[in-house]
Amino acid sequence: MTTVFFLFRVPVWCGALTRDREPCRKNANGLLMGCSYQQHKWQKLKFAVVPPKWRELNRGLWVGPEKRVATTAAFCGMISAVVAVIDLIAK
Ligand SMILES: [Zn+2]
């Protein structure tokens with residue numbers, strides 16, 4: 001529950017990158033939530049779901065057949081988690 005609190009409830013600055021390349025300073029609720037701008041919400045979600053490091057990580061995940069199975073299973077679990085989060089936000 002603490003994680004959920006930090007991700008969706010704790011009062012923080014939005015922090016999404018604005019067009020002036022400055023972090024947005026409007027108030028937001030939760031690390032994963034943006035401020036009142038819909039675009040900032042999506043931007044933060046995108047950062048949470050696709051960190052730049054994942055590309056490197058991804059390269060190591062597909063070596064060998066049994067690793068491929070494990071990766072696919074983990075990936076499916078991740079997708080359903082993401083879908084659940086998006087569903088939660090869209091409500
Ligand atoms: Zn913002």
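For the chain, which whole-number percentage of the solvent-accessible area (1.4 Å probe, protein heavy atoms only) is attributable to carbon and sulfur atoms? Please report the intermediate quantities before stating the final value.
Values: 4810 of 7310 Å².
Within the chain, the accessible surface is 66 percent carbon and sulfur.
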message = Per residue of the stretch 76-86, what does 6.51 cos²θ - 1.76 cosθ + 1.60 with θ = phi - 60° give for ³J(HN,Hα)? Whole Hz please, x for Gly and Pro, Karplus curve as stated.
response = 4, x, 5, 4, 5, 5, 5, 4, 4, 5, 4
query = Roughly how many Å² is the accessible area per residue of the chain, as a whole number, for a 1.4 Å probe?
reply = 80
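Please give the length that would be gained between Arg19 and Val63 if that part of the chain were fully extended, namely 0.36 nm times their separation in residues minus their C-alpha to C-alpha distance (nm, one decimal). Can you show the working numbers first?
On the way: separation 44, 0.36 × 44 = 15.84 nm, distance 3.96 nm.
Extra length available between Arg19 and Val63 comes to 11.9 nm.
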key: Over 22 Å between alpha carbons, listed pairs Lys46/Lys67; Lys44/Lys91; Lys41/Lys91   = Lys46/Lys67
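The values are calculated or read from the model by the stated rules, or taken from the named source; none is laboratory data. Everything numeric in this text was worked out from a predicted model, so none of it was measured. Ligands, DNA and RNA are excluded from the accessible area calculation, which covers all protein heavy atoms including side chains. Shrake-Rupley method; radii C 1.70, N 1.55, O 1.52, S 1.80 Å.
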